[in-house]
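> After the structure tokens below, expect a handful of questions from me.
The values are calculated or read from the model by the stated rules, or taken from the named source; none is laboratory data. All figures in this text were calculated on a predicted structure; none of them were measured in a lab. Cβ coordinates were reconstructed from backbone atoms using ideal geometry, including for glycine residues, and neighbour counts include every protein chain displayed.
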Protein chains: 2
Amino acid sequence: MAKKLIGPSTRLFPMPTLLVCVKTGENAANIITIAWGGIAGGSPPLIGIAVGKNHFSTPYLRKEGNFTINIPNSRQDVEADYCGIVSGTRDPDKAKTCGFTLAPSTKITSPLIAECPMNFECKLYKELDFKGLYLFLGEVVETHIDEAVLDEHGRIVTEKLDPLVFLPNGEYRKIGDFVSKAFSVGRKLSKPQVSPD
Amino acid sequence: MAKKLIGPSTRLFPMPTLLVCVKTGENAANIITIAWGGIAGGSPPLIGIAVGKNHFSTPYLRKEGNFTINIPNSRQDVEADYCGIVSGTRDPDKAKTCGFTLAPSTKITSPLIAECPMNFECKLYKELDFKGLYLFLGEVVETHIDEAVLDEHGRIVTEKLDPLVFLPNGEYRKIGDFVSKAFSVGRKLSKPQVSPD
């Protein structure tokens, strides 16, 4: 298997599509789309997002000290992309442009996007200052899931959630075919355990 | 859209499947599977991984100060799952069990997994100490891509790369249908610009 070396890069496959919403004023909020992020801790639950210092949302994220992370489905690709390519300076009401409803959170001041099937309310837990961006670690204080994406046992049905996937070759994708069950399929390779008897 | 509140959680959709490989001795290395991670910075390129303090790999990651992140394809699901559910204490040569070839990196001491279509060589850039885990931020110093997943222009073809996706409802998935082009499809919502003329 011949490999091509491309030097330092950020081309991780896959990435999430995170709509980060932060309060920017009385009854005003901005939405920014972030693919540079992921789970950063479990106790407390942390989501990390890397946000450019010169983005419109950045001073509000630092000042307000909280934000929501909203997971769009694959039919919200136009809106997700719009929130990533247009600055809040040019469009101070992206929610309206996108036809999104900003609904109050339960534990923080920044609102959530009602139409997104999953929403995480996050309190700013830690901020790391890197060249050109901040890595914000948000503590997840509440999680909202659209009841329509749950089965009768309250479990998330992947095809109903239908989360929008971002790939660093510039593609939005759907989640694809089921491959196997995690924490299970790998047992095939486990060596037989010696019985204590 | 009625929402169910489930409290603080880490149920982000989607997550990557990262095979983290670290040198553990002369001609020895361990592989651990991590879904809690993502891009954490761009200059330098950083990948964050959250690793439990009591994992076999953890002291080696701290001592060696480098690791590789290897992206498995969807046919490597059994191996990826195995490396996540079996400790290096029980199997000190998971690469052999998985049929993986450990190949030398170009800039760090930890080896990479030759059979994985993408590999990132990372130097430990920063370590954050959280309850129960460390968040390791790795600076990507080199990226390897299997030439077989590139098109004639050197671009990554998603279906050829075929990265394994982890979902927190316990499923491994493939990447699915193309939805739209990022940094492009959102222009549909842009308001017409006033011409300066």
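> In the range B:92-131, what count of residues is obtained for those that are in contact (Cβ under 8 Å) with a residue 60 or more places away in the chain, among the β-branched types (Val, Ile, Thr) and surrounded by 22 or more Cβ atoms within 10 Å (Cβ to Cβ)?
So the answer is 1.
> Further question: Of the conditions (1) free of Cβ contacts under 8 Å to residues at least 60 places away in the same chain; (2) touching an Asp or Glu at 6+ places or on another chain (Cβ under 6 Å); (3) more than 7 Å from chain A (Cβ to nearest Cβ), residue B:134 fails just one. Which one is it?
Every condition holds for residue B:134 apart from (1).
> Just to be sure, is residue A:19 crowded, with 20+ Cβ neighbours inside 10 Å and in contact with a Lys or Arg (Cβ under 9 Å, 6 or more places away or on another chain)?
When the stated conditions are applied, residue A:19 does not pass them.
> Further, regarding this structure: Can you pull out every residue in the range B:168-182 that is within 7 Å of chain A (Cβ to nearest Cβ) and either part of a loop (DSSP other than H, G, I, E, B) or not basic (Lys, Arg) (or both)?
Passing the criteria: B:169, B:170, B:171, B:172, B:175, B:176, B:177, B:178, B:179, B:180, B:182.
> Can you tell me which residue in the range A:142-167 is surrounded by the fewest Cβ atoms within 10 Å (Cβ to Cβ), limited to those that are more than 7 Å from chain B (Cβ to nearest Cβ) and acidic (Asp, Glu)?
Going through the qualifying residues, I end up with A:152.
> Something else now. Taking the range B:123-166 only, how many residues are within 25 Å of residue A:2 (Cα to Cα), charged (D, E, K, R) and in a loop (DSSP other than H, G, I, E, B)?
4
> Evaluate the following for residue A:177: is it among the charged types (D, E, K, R) and either touching a residue at least 12 places away in the same chain (Cβ under 8 Å) or under 20 Å from residue A:51 (Cβ atoms) (or both)?
Considered against the rule, which asks whether it is among the charged types (D, E, K, R) and either touching a residue at least 12 places away in the same chain (Cβ under 8 Å) or under 20 Å from residue A:51 (Cβ atoms) (or both), residue A:177 comes out as no.
> With B:37, B:41 as the choices, which residue is crowded, with 19+ Cβ neighbours inside 10 Å, in contact with a strand residue (DSSP E or B) (Cβ under 9 Å, 6 or more places away or on another chain) and within 18 Å of residue B:167 (Cα to Cα)?
The match here is B:37.
> Let me ask something additional. Residues B:94, B:23: which one is farther than 29 Å from residue A:176 by Cα and more than 7 Å from chain A (Cβ to nearest Cβ)?
B:23
> Within the range A:5-34, which residues are touching a residue at least 24 places away in the same chain (Cβ under 8 Å), of a type in the set (D, E, K, R) and part of a loop (DSSP other than H, G, I, E, B)?
A:11
> Consider the range A:38-58. How many of its residues are within 24 Å of residue A:114 (Cα to Cα) and either more than 9 Å from chain B (Cβ to nearest Cβ) or touching a Leu at 6+ places or on another chain (Cβ under 8 Å) (or both)?
Here the count works out to 12.
> Still on this structure: Go through the range B:35-80 and give me each residue that's in a helix (DSSP H, G or I) and farther than 22 Å from residue B:132 by Cβ.
B:74, B:75, B:76, B:77, B:78, B:79, B:80
> Residue check, residue A:81 against (1) free of Cβ contacts under 8 Å to residues at least 40 places away in the same chain; (2) buried (at least 19 other Cβ atoms within 10 Å of the Cβ); (3) at the interface with another protein chain (Cβ under 7 Å from one of its Cβ atoms), all met but one. Which one?
Checking residue A:81 against (1) free of Cβ contacts under 8 Å to residues at least 40 places away in the same chain; (2) buried (at least 19 other Cβ atoms within 10 Å of the Cβ); (3) at the interface with another protein chain (Cβ under 7 Å from one of its Cβ atoms), the one that fails is (1).
> Go through the range B:163-197 and count every residue that is at pLDDT below 95 and within 26 Å of residue B:35 (Cα to Cα).
0
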